[in-house]
Amino acid sequence: MTSSAAAVLDALGRRGWTLGVAESLTGGSVSAALVEVPGASAVLWGGVVAYATPIKHSLLGVDAELLERHGPVHPTVALQMAEGVRRAVSIDGVAADVGISTTGIAGPASPDGQPVGTVHVGVVTPEASRTAAFLFDGDRAQIRSATVDAVLRTLRDVLGE
């Protein structure tokens, strides 16, 4: 993961872009992977662990009706989390350039009937917005680890790296 995190940070740094991270099922693992890289502070402004559904609305600005209608594991929720974290980590009123997010079901059970391993990631940059959906196999730890890889890989793809 460190090589993926380093590649993402390098690509963002070359563009002069800053990053905010919004995490649900990964619980801070994406941010941890990024801060393992020396010099991450030049790009990473901060992260929000929005594990509880209401926090996705109150802190990240995810539409309450969307959450009510579809629950927290939905591609539009991931996109709104990625957009919202840019503002949540703003400095002196300036939002981060890029936001990434993770939301999904790591198990062992599913609270809403979607399969365990269902994951959505969101990426918002000044040039593009994208979500990606995944269905990972494995136990809770494997699903969470695969999600960290997936969000970093999705960001690299959006950046054309």
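Could you give each residue of the stretch 72-86 its phi-based ³J(HN,Hα) in whole Hz, using Karplus coefficients 6.51, -1.76, 1.60 with θ = phi - 60°, and x for Gly or Pro?
Once θ is set to phi - 60°, the couplings for the stretch 72-86 become x, 9, 7, x, 5, 4, 4, 5, 5, 5, 5, 5, x, 5, 4 Hz.
Step through the residues of the stretch 146-155 one at a time and calculate ³J(HN,Hα) from phi using the Karplus curve (6.51 cos²θ - 1.76 cosθ + 1.60, θ = phi - 60°), rounding each to whole Hz and writing x for Gly and Pro.
Rounded to whole hertz, the list is 4, 5, 4, 4, 5, 5, 5, 5, 5, 4.
Ordered by residue, what ³J(HN,Hα) values in Hz, to whole numbers, does the stretch 50-55 give under the Karplus form 6.51 cos²θ - 1.76 cosθ + 1.60, where θ = phi - 60° and Gly and Pro are x?
Result, ordered by residue: 9, 6, 7, 3, x, 5 Hz.
Provide the gained length on full extension for the span Ala133 to Val35, in nm with one decimal, where the gain is 0.36 nm per separating residue minus the Cα-Cα distance.
32.8 nm
Run through the stretch 1-97 and list the GluC sites (Glu not before Pro) located in a DSSP loop whose Cβ has at most 12 other Cβ atoms within 10 Å.
Passing sites in the stretch 1-97 are Glu36.
What residues qualify as long-range amide H neighbours of Gly47, i.e. H under 5 Å apart, gap of 5 or more or another chain, H built at 1.01 Å from N?
Those qualifying (amide H under 5 Å, at least 5 residues apart or on another chain) are Val21.
Rule-based calculations on the coordinates, nothing more; no lab input. Being a predicted model, the structure only gives us computed values, none of them experimental. Reconstructed Cβ throughout: ideal geometry from the backbone, glycine too, with neighbour counts over all protein chains shown.
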